[in-house]
1. Whether any residue in region 248-269 is within 18 Å of residue 305 (Cα to Cα), modelled with pLDDT of 75 or more and open to solvent by 30 Å² or more (accessible area, probe 1.4 Å) is what I want to check.
2. Just for strands (runs of 3 or more DSSP E) wholly inside region 13-117: which have at least 3 residues that are touching a residue at least 24 places away in the same chain (Cβ under 8 Å) and of a type in the set (D, E, K, R)?
3. Cβ-Cβ distance below 9 Å, separation of 6 or more or different chains: which pairs start in region 439-461 with a residue that is under 12 Å from residue 42 (Cα atoms) and end on one that is part of a loop (DSSP other than H, G, I, E, B) and among the β-branched types (Val, Ile, Thr)?
4. Yes or no: region 154-163 includes at least one residue that is small (Gly, Ala, Ser), under 15 Å from residue 215 (Cβ atoms), surrounded by 14 or more Cβ atoms within 10 Å (Cβ to Cβ) and without any contact (Cβ under 8 Å) to a residue 24 or more places away in the chain.
5. Identify, from the list 114, 128, 93, the residue that is touching a strand residue (DSSP E or B) at 6+ places or on another chain (Cβ under 6 Å), of a type in the set (Ser, Thr, Tyr) and open to solvent by less than 60 Å² (accessible area, probe 1.4 Å).
6. What residue, of 438, 471, 459, is aliphatic (A, V, I, L, M) and over 21 Å from the mean Cα position of the chain (by Cα)?
7. Please enumerate the residues belonging to region 118-150 that are of a type in the set (Phe, Trp, Tyr) and in a loop (DSSP other than H, G, I, E, B).
8. Between a first residue in region 258-275 that is under 22 Å from residue 235 (Cβ atoms) and a second residue that is at pLDDT 85 or above and among the small types (Gly, Ala, Ser), which pairs have beta carbons less than 6 Å apart while being 6 or more apart in sequence or on different chains?
Amino acid sequence: MNLLLALLLLAAPTDPDLHRLETGGIIADITVEDVNNSGRRDVVILAVDTSSEPPLRWLAVFLNDGEDRFPRLPSFTHALRADAGGVFFAEKSGTAPRELVVVGQAGADVYGYSDNGWTHQSAPRFTSLYPAGFRFPRFLSQAATDLTGDGREEWIIPTTDGFTIHNGEEPLGVIPSAIGGYLQETDTPASRMIYHIPEWKAFPVEGHARKGLVFLGEQHIQFATGADWGETQRIPIPSPRGILDRTFNPVRRRDDRQPRPPGASAQTRIHDFTGNGLPDILVMETEGGMNAQSVTALYFAQDVGVYPDEPDAIFERQGSFVQPSVADIDGDDMPDLLFVEAPFGVRFLVNYFVRNRVTLRVEAYQNRNGQFGKSPDLSTQVSLTTNDEDRDQAFALGDFFGDDRMGAVFGNGDNRLAVFRGSETQLLESAPVTTLDLSPYGIARAVRLCAQTTQDALLVYWPGERTDAVLVRFDPPA
């Protein structure tokens, strides 16, 4: 009996390691960055004092102690200027750690790390579509990359005319591009101005020292290559069922809150599915209604800007709402496909409205050197408890246990977060390995604290609501 108990204890996961991070202000956004060149990533939080006018904004930095432990209070803070709207990190000097870049109305301010803080280095001036003066600034996830191979990162600056390539001192090139934008009508005299800044990715170009750039617009994909990125090519996004063209309306877009069934929709992403460095295209189109039909198509790049007329892989569903996503489920650094499916029908409606439960089917198609099977490699069913609150629940995918398997964290309707381990036979284990006594009505993100490991930590925070965030580390079962 004692031996059996010992074996069970050895097989059970240890309690997760929780670090509560207190900023002293309402949290706007969070990122992780190796601030002091220690080899481990630190937690950097954008915080706001909403009681003042204009509101005070600052960065609260929680330094990693080298073993992925963090203090409860900030290691240091850094005040932001009044017109700051966006923040990112970029390697400007060529020597780690990366510099802090704060953008606003007239350009940027660049800061270098020194003696447990940041000191001002330069203030390049330029016009852009960067956010400015926001009450809640944001970290800009798509801001800089090394295009020239010299260890310095160029800034990709959105403007009304397209994009400017900037080295932090002067522009290196201009890429003319149409930036989608519109005024969104509301049911009041107020309106919202919205810009669609295209997603972009850098990719290697054969025969060129500099990388090229691809921009994913609302209806077109644009490529920019050459010495100053002046060689451009623009192609339409493929639409396997014609829904993309049918649903796009750049003029009349309302925010009217009128209840209506899900309508036709389309979305596009770019990923390198084949491993050749070129951007491939994922297109998902859905016909709305109770008899929803969806098709997800993959088009693999044959050369820069060259794609087949017919998709290389296609996945079709009928009678359910399907949300595709891309994740590495087996730790081989190749993007796999996930489909989260909610089947519409009498049982679904009864469970949702009467029992406050929904059952989702999750299917995974593994990427084998750019080849996907006709049927899913792994699948699982997840039963969730719903709630009456009109708030999104936290959800994150990551290798939380360091076993090269994708796990999942999501809210389960009982004011807790459920943590699931990956499984080689059914994608996710049927029961959570543990639960966290944290409000599920926030944002959960998988973060990698060390580039030399494959294990992810979990960050949970409640933007615009709370002053604290929680970082969670899981130890794998013995």
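1. Checked against the condition, which is being within 18 Å of residue 305 (Cα to Cα), modelled with pLDDT of 75 or more and open to solvent by 30 Å² or more (accessible area, probe 1.4 Å), region 248-269 yields at least one hit.
2. On the way: elements: 17-22, 26-33, 42-49, 56-62, 76-79, 86-90, 99-103, 108-113.
Once the strands (runs of 3 or more DSSP E) in region 13-117 are filtered for at least 3 residues that are touching a residue at least 24 places away in the same chain (Cβ under 8 Å) and of a type in the set (D, E, K, R), what remains is 17-22.
3. Going by the 9 Å Cβ cut-off, the qualifying pairs are 448/454.
4. Within region 154-163, the subset small (Gly, Ala, Ser) is 162.
Within this subset, residues satisfying the condition of being under 15 Å from residue 215 (Cβ atoms) are 162.
Retained after the next criterion (residues that are surrounded by 14 or more Cβ atoms within 10 Å (Cβ to Cβ)): 162.
Cutting the leftovers down to without any contact (Cβ under 8 Å) to a residue 24 or more places away in the chain gives us 162.
Among the residues of region 154-163, at least one is small (Gly, Ala, Ser), under 15 Å from residue 215 (Cβ atoms), surrounded by 14 or more Cβ atoms within 10 Å (Cβ to Cβ) and without any contact (Cβ under 8 Å) to a residue 24 or more places away in the chain, which makes the answer yes.
5. Values: 114 fails: touching a strand residue (DSSP E or B) at 6+ places or on another chain (Cβ under 6 Å); 93 fails: touching a strand residue (DSSP E or B) at 6+ places or on another chain (Cβ under 6 Å).
Of the residues listed, the single one that is touching a strand residue (DSSP E or B) at 6+ places or on another chain (Cβ under 6 Å), of a type in the set (Ser, Thr, Tyr) and open to solvent by less than 60 Å² (accessible area, probe 1.4 Å) is 128.
6. 438 is the lone residue from the list that is aliphatic (A, V, I, L, M) and over 21 Å from the mean Cα position of the chain (by Cα).
7. Going residue by residue through region 118-150, those that are of a type in the set (Phe, Trp, Tyr) are 118, 126, 130, 134, 136, 139.
Within region 118-150, 126, 130, 134, 136 qualify.
8. Listed by first residue and then by second, the contacts come to 273/370; 274/370.
The values are calculated or read from the model by the stated rules, or taken from the named source; none is laboratory data. These figures come from a predicted structure and were not determined experimentally. FYI the Cβ positions are ideal-geometry reconstructions off the backbone, even for glycines, and counts take in every protein chain you see. Remember, those area values only see protein heavy atoms, side chains included, never the ligands or the DNA or RNA. Shrake-Rupley method; radii C 1.70, N 1.55, O 1.52, S 1.80 Å.
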